[in-house]
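**Student:** There's a structure below that I have some questions on.
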Amino acid sequence: MAGSGSDSEATAEALESQYFTNNPPPSSLHSHLALTQAFIERHTGQGRRIALVTSGGTTVPLENQTVRYLDNFSAGTRGATSAEYFLEAGYAVIFLHRQFSLLPYSRHYSHNTSSFLDYMKEDQDGRVVVQEQHQPEMVRVLREYTHVKKQNLLLILSFVTITEYLWELREVAKLMRPVGAKGVFYLAAAVSDFFVPKDRMVEHKIQSSEEFQANGDNSNSRPPAARTEGKSLIIDLEPVPKFLKQLVDGWAPNSMIVSFKLETDPSMLVRKAQYALEKYQHHLVIGNLLSTRKWEVVFVSAMDGEKWIRVPPSRRTKSMSGIEALVGRAGGADGDGSESKHSDGQAMQGEPAVEIESLIIPEIAAMHSRLIRRACEKKGPF
Ligand code: 9Z3
């Protein structure tokens, strides 16, 4: 039988306190929070909307002095690209990303199959300059980047592990409270569902050779979650508590919350997105499939029901640039070169000519405007 509302709230609170007591914060948390506090004060003072964009994958360390860890595929393309479009839409952006994953603006020239040096040449005076064919695009990106930097519109924070991510998210969310309805959480990071709790983590590198195995070096009565048994590596992970409910109800109760649902099986996508929306009662779930995520996503919300956002058929393939042709494919770091089918049956390959985030973010900004209006109407005139 399901427990009453307050029972499940108490359980959620107990799980939260247990998780954050047992898994200590990252050493950079305090300095990150000081920067965040100043950033939020500056932009709320100017009446600006603020988006917290999370991006990239979280790691699951297997050892305390970490040599080995589990990771996922995310390069942070969705997050870094979306951050640019939020900035274009007038938001200030806190970009909480996996260290060394893609960053707004520099993403155009990093993690690529080509080196940034391929964009350069030496001129007659022995100076390094950008090649002619890359000038227009690089000037455009540089101008946007310089404007954002001058106006202090982008705060970049990083995490590596799942625990660092959760600490940063919780504490930054609490600082976002004064932003209220003008805040939006855009949770595009690929968050691990399983982890090794601190009290079940071995201190030192797991030894493969049986002569050197020492799996009893933690004080817990349960065996370490990652250990060798004979010649095999056993990894017995525990579930990461789901904190979306706490984010919605407790950490950031007045902001717009957008979560992503990633699936590989098309028949599950909409159902799973609807399930998440009902369970966490937030504003929007964006469903995407691993293979088609750059061409189509589905918005599931109480406001608008189910709505697909798609790159138009004429813009589904990008022609290869000179450099891409040289290295043999169009696209960035994470295209696997395989062909996928769009849900309307058309094939998709390489990279689309239009970034789907350029369609996603204006939709979100419009929904956000509706939510802000509603919040104002509720409050009434002063
Ligand atoms: C996403 O679904 C993102 O769109 C991607 C972006 C990770 C697919 P890339 O970085 O990929 O551009 O290569 N993010 C959320 C995935 C996630 O962990 N969601 C959780 C879940 O599905 C809930 S918040 O349970």
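**Student:** Please determine, by comparing only the residues of region 91-108 that are touching a Phe, Trp or Tyr at 6+ places or on another chain (Cβ under 7 Å) and under 13 Å from ILE361 (Cβ atoms), which one is nearest to the ligand (Cβ to nearest atom).
**Tutor:** The selected residue is PRO104.
**Student:** Shifting gears a bit: When you scan region 110-134, how many residues do you find that are in a loop (DSSP other than H, G, I, E, B) and closer than 27 Å to THR77 by Cβ?
**Tutor:** 7
**Student:** In region 164-204, how many are of a type outside the set (A, V, I, L, M, F, W, C) and within 15 Å of the ligand (Cβ to nearest atom)?
**Tutor:** Summing the residues that are of a type outside the set (A, V, I, L, M, F, W, C) and within 15 Å of the ligand (Cβ to nearest atom) in region 164-204 gives 6.
**Student:** Taking region 351-377, which residues are under 15 Å from ARG78 (Cα atoms) and β-branched (Val, Ile, Thr)?
**Tutor:** VAL354, ILE356, ILE360, ILE361, ILE364
**Student:** Return the total of residues in region 290-321 being crowded, with 17+ Cβ neighbours inside 10 Å and away from the ligand (no atom under 16 Å from the Cβ).
**Tutor:** Final tally of qualifying residues: 2.
**Student:** Moving to a separate point now. Could you list, in sequence order, all residues of region 259-285 that are out of contact with any helix residue (DSSP H, G or I) (no Cβ under 6 Å at 6 or more places or on another chain), β-branched (Val, Ile, Thr) and within 11 Å of the ligand (Cβ to nearest atom)?
**Tutor:** Of everything in region 259-285, just one residue is out of contact with any helix residue (DSSP H, G or I) (no Cβ under 6 Å at 6 or more places or on another chain), β-branched (Val, Ile, Thr) and within 11 Å of the ligand (Cβ to nearest atom), namely THR264.
**Student:** Just name the residue that is surrounded by the most Cβ atoms within 10 Å (Cβ to Cβ) out of those in region 38-73 that are part of a strand (DSSP E or B) and away from the ligand (no atom under 16 Å from the Cβ).
**Tutor:** Across region 38-73, the extreme among qualifying residues is ILE50.
**Student:** Now for a separate question. Given the criteria at pLDDT 95 or above, at positive phi and outside the structural domain of ALA225 (by TED's automatic domain parsing), does GLY56 qualify?
**Tutor:** Here the answer is yes, as GLY56 does meet what is asked.
**Student:** Looking only at region 256-284, filter to residues that are out of contact with any His (no Cβ under 9 Å at 6 or more places or on another chain) and in contact (Cβ under 8 Å) with a residue 60 or more places away in the chain; which one of those is nearest to ALA302 (Cα to Cα)?
**Tutor:** LEU284
**Student:** Of all residues being part of a loop (DSSP other than H, G, I, E, B) and among the hydrophobic types (A, V, I, L, M, F, W, C) in region 161-198, which is farthest from LEU62 (Cα to Cα)? Just the residue, please.
**Tutor:** Within region 161-198, the match that is farthest from LEU62 (Cα to Cα) is MET176.
**Student:** So ILE323 passes all but one of these: (1) of a type outside the set (S, T, N, Q); (2) more than 22 Å from SER110 (Cβ to Cβ); (3) at pLDDT below 95. Which condition number does it fail?
**Tutor:** The single condition ILE323 does not satisfy is (2).
**Student:** Could you tell me whether LYS294 is in contact with a Pro (Cβ under 9 Å, 6 or more places away or on another chain), at pLDDT 55 or above and either among the small types (Gly, Ala, Ser) or outside any helix (DSSP H, G or I) (or both)?
**Tutor:** yes
**Student:** When you go through HIS282, HIS368 one by one, which is the residue that is part of a loop (DSSP other than H, G, I, E, B) and at pLDDT 95 or above?
**Tutor:** HIS282
**Student:** Another question about this same structure. Restricting region 267-289 to residues that are touching a strand residue (DSSP E or B) at 6+ places or on another chain (Cβ under 6 Å) and not hydrophobic (A, V, I, L, M, F, W, C), which is surrounded by the most Cβ atoms within 10 Å (Cβ to Cβ)?
**Tutor:** GLY287
**Student:** Something else about it: Could you tell me whether any residue of region 74-90 is more than 21 Å from the chain's Cα centre (by Cα) and either among the charged types (D, E, K, R) or within 16 Å of the ligand (Cβ to nearest atom) (or both)?
**Tutor:** The answer is no, given that none of the residues of region 74-90 is more than 21 Å from the chain's Cα centre (by Cα) and either among the charged types (D, E, K, R) or within 16 Å of the ligand (Cβ to nearest atom) (or both).
**Student:** Something else now. Which pairs have Cβ atoms under 7 Å, sit 6 or more apart or on different chains, and link a residue in region 186-197 that is in contact (Cβ under 8 Å) with a residue 24 or more places away in the chain to one that is within 7 Å of the ligand (Cβ to nearest atom) and among the aromatic types (Phe, Trp, Tyr)?
**Tutor:** LEU187/PHE260; ALA188/PHE260
**Student:** Can I ask one more? Test LEU15 against the criterion of being surrounded by fewer than 17 Cβ atoms within 10 Å (Cβ to Cβ) and touching a Pro at 6+ places or on another chain (Cβ under 6 Å), and give yes or no.
**Tutor:** Numbers: surrounded by fewer than 17 Cβ atoms within 10 Å (Cβ to Cβ): yes; touching a Pro at 6+ places or on another chain (Cβ under 6 Å): yes.
Spelling it out, LEU15 is indeed surrounded by fewer than 17 Cβ atoms within 10 Å (Cβ to Cβ) and touching a Pro at 6+ places or on another chain (Cβ under 6 Å).
The values are calculated or read from the model by the stated rules, or taken from the named source; none is laboratory data. Since we're looking at a predicted model, the values are computed, not measured. Please note: Cβ atoms are built from the backbone with ideal geometry, for glycine as well, and neighbour counts cover all protein chains shown.
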